[in-house]
Amino acid sequence: MLQLPSEYIEQMKAILGAEAEAFLASYRLPRTQGLRLNTLKIKEGSAFADKLIREFQLEPVPWCQTGYYYEEPQRPGRHPYHAAGLYYIQEPSAMSSVALLKPAPGEIVLDLAGAPGGKSTQIAGCLRGEGLLVANEIHPARAKILSENIERMGIQNAVVTSAAPDKLAAKFPAFFDKIMLDAPCSGEGMFRKDPDAIDEWSLDHVRMCAARQMDILPDAVAMLKDGGLLAYSTCTFNVAENEATIEALLQRFPELTLLQTERIWPHKQKGEGHFVALLKKNESSGDADHGVDNRSGVKAKGKDKPAKANKQIVEAKQLFGQFCQEVLPDWEWDSPAEPVLYGEQLYMLPAVGAIGSVQLNGLKVLRPGLHVGELKKNRFEPSHALALALTEDKLRSARTYDLAADSKEAEAYLRGEALTTSRNENGWVVITIDGFPLGWGKESGGQIKNHYPKGLRRPL
Ligand SMILES: C[S@@+](CC[C@H](N)C(=O)[O-])C[C@H]1O[C@@H](n2cnc3c(N)ncnc32)[C@H](O)[C@@H]1O
């Protein structure tokens, strides 16, 4: 049984009254674990989705259509399908906030406190490749993990930034249709998963978290379009960081209306616990759009760009085009995108909602759209992100080498080893498992050199 601070027990008794006993008894039960299918790669209701459900003995999460529970001893996070981005491991109650926000294809959405990426990848699934996701995380090391998860899930229409909320708000006033703020909190719903979180808990810490949430929220409000929706969530139970924070926010911003709140309790539902509030920013009567129209900004800058930079982009596009002819004949962009070069790295920035390279200037951007590849002295080297973004339709006539998920070869590839083939082909090849892309290899003379990123390789 976990040792809970007496002040925490008192707090929960004050909130829950007669229910507190059942709540406290939930600490004797094992934590709940879940995963969310990546609908950018697997169709809901498909034979493959059914196979995964059987293989990992998954049970549906009631509040999220793509969410499932799994139980020990299943370890889906260790399976090669995880490396292929077929699902995201996520605590089931954490799936509730995006389910309430309901991002829709074509919308411009911000995930303000995004790492490690549970909500961001769920939002991207809802957008289905159309629209734009800005996934932000203030802490650089955590932003890197967020960026890797965006890549693994094969998301094309996301920009990953690492900025403090006020810096982001200065760049994106009244810009987003929907904003998710999964706020840093005292994490009372994390105690079963991470007993160390109990040591960090104190009433002072709760007060500090509530104050920090009130620091971040005005920046979220500033970035929301009139008529836009804001989902605020925490994985904590106390009132100060939840209902009281929302109350203070409504007092300060009369243009906000509270539409709904939801709580998941571990003694009532199968989940570790979550709070979410959905707020609407009312339409203002006059100056409707305070958004910076950056389409014109991008164009103006485009004209001013040194000829050399434009020439480089044209060359980069040509090299990528040649590469596609040879390796990915069916490649097509799912939605409009603008090529951008960061040094030798070619990205495709979603041309949605007037976001442009100008607007990103001055921000730490880890991923300005899909990383397509690197230019290396008149040759093009494809990026890992490009492989992971390949869907069935784009792989149809691609050069591939398929491995069975349970094969020794799949394990060897994930460890970074070369593969031996009996075929006589040369050039870049997409390594797939059971038809899903896992990374790149380069084939020559019966050998496939391993291009799985070194940082992702599994130890022997
Ligand atoms: C609850 S976690 C986000 C989890 C994430 N939404 C997910 O679903 O995977 C809160 C995040 O807020 C970040 N954070 C901490 N202080 C912050 C601040 N002052 N402003 C914005 N974000 C902050 C933390 O680094 C952490 O990654």
* Relative to the longest principal axis of the C-alpha atoms of the chain, give the angle of the C-alpha long axis of helix 140-152, reported between 0 and 90° and rounded to the nearest 10°. => 60
* **Above-threshold pairs, the threshold being 21 Å between Cα atoms, out of Lys144/Lys454; Lys51/Lys268; Lys193/Lys270** => Lys51/Lys268
* What's the exposure ranking of His139, His267, going from fewest to most Cβ atoms within 10 Å? -> His139, His267
* Structure fact -> For the chain the mean separation of alpha carbon contacts under 8 Å (6+ apart) over residue count, i.e. relative contact order in percent, is 14
* Asked: What whole number of Å gives the distance from the Cα centroid of segment 197-251 to the Cα centroid of segment 16-62?
  -> 26
* **Karplus 3J(HN,Hα) series, Hz, for segment 231-238 with 6.51 cos²θ - 1.76 cosθ + 1.60 (x for Gly, Pro)** => 9, 10, 9, 9, 10, 10, 9, 5
* Asked: Ranked highest first by average number of other Cβ atoms within 10 Å, how do 337-347, 78-88 line up?
  -> 78-88, 337-347
* Asked: Within straight cross-link reach of Lys408, meaning Cα distance under 12 Å, which aspartates and glutamates are found once same-chain residues fewer than 8 apart are removed?
  -> Glu417
* **20 Å Cα-Cα reach of Lys317 towards lysines, excluding residues that sit fewer than 8 places from it in its own chain** => Lys299, Lys301, Lys303, Lys305, Lys308, Lys376, Lys377, Lys394
* **Using θ = phi - 60° and Karplus 6.51 cos²θ - 1.76 cosθ + 1.60, couplings along segment 242-256 (whole Hz; Gly, Pro as x)** => 10, 4, 5, 5, 5, 4, 5, 5, 5, 5, 7, 10, x, 6, 9
* Cα extents of the chain along the three principal axes, largest first (Å) -> 72, 57, 36
* Asked: Which whole-Hz ³J(HN,Hα) couplings does segment 381-393 yield from phi under the Karplus relation 6.51 cos²θ - 1.76 cosθ + 1.60, θ = phi - 60°, glycine and proline marked x?
  -> 10, x, 8, 4, 4, 5, 4, 5, 8, 7, 9, 3, 5
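Kindly put Glu243, Glu107 in sequence by how many other C-beta atoms sit within 10 Å of each C-beta, fewest to most.
On the way: Glu243 16, Glu107 22.
Sorted ascending by nearby Cβ count, the order is Glu243, Glu107.
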* Asked: In bins 5 Å wide, starting from 0, what share of all Cα pairs of segment 152-237 does each bin hold, as a percent?
  -> 3, 13, 18, 19, 16, 15, 11, 5, 0
* Asked: Roughly what % of DSSP beta bridges within the chain run antiparallel, to the nearest 5?
  -> 70
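Beyond a 24 Å Cα-Cα separation, which of these cross-linked pairs lie in this structure: Lys41/Lys311; Lys102/Lys281; Lys41/Lys225?
On the way: Lys41/Lys311 35 Å; Lys102/Lys281 16 Å; Lys41/Lys225 31 Å.
Over 24 Å apart, Cα to Cα: Lys41/Lys311; Lys41/Lys225.
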* Asked: Under 5 Å between amide H atoms, partner at least 5 residues away or on a different chain: which partners does Arg367 have, H built in plane at 1.01 Å?
  -> Val160
* Structure fact -> The set of residues whose placed amide H lies less than 5 Å from the amide H of Val372, leaving out same-chain residues fewer than 5 positions away, is Leu346, Tyr347, Met348
* Among all the aspartates and glutamates, which ones have a C-alpha under 20 Å from Lys171's C-alpha, if same-chain residues fewer than 8 places away are not counted? -> Glu107, Asp111, Glu137, Asp215, Asp219, Asp226, Asp287, Asp289, Asp293, Glu338
* Between segment 411-460 and segment 324-350, the alpha-carbon center distance in angstrom -> 22
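Any read-out appearing in this document is the output of simple, stated calculations on the displayed coordinates, not a laboratory observation. Not measured: the values here are computed from a predicted model. Reconstructed Cβ throughout: ideal geometry from the backbone, glycine too, with neighbour counts over all protein chains shown.
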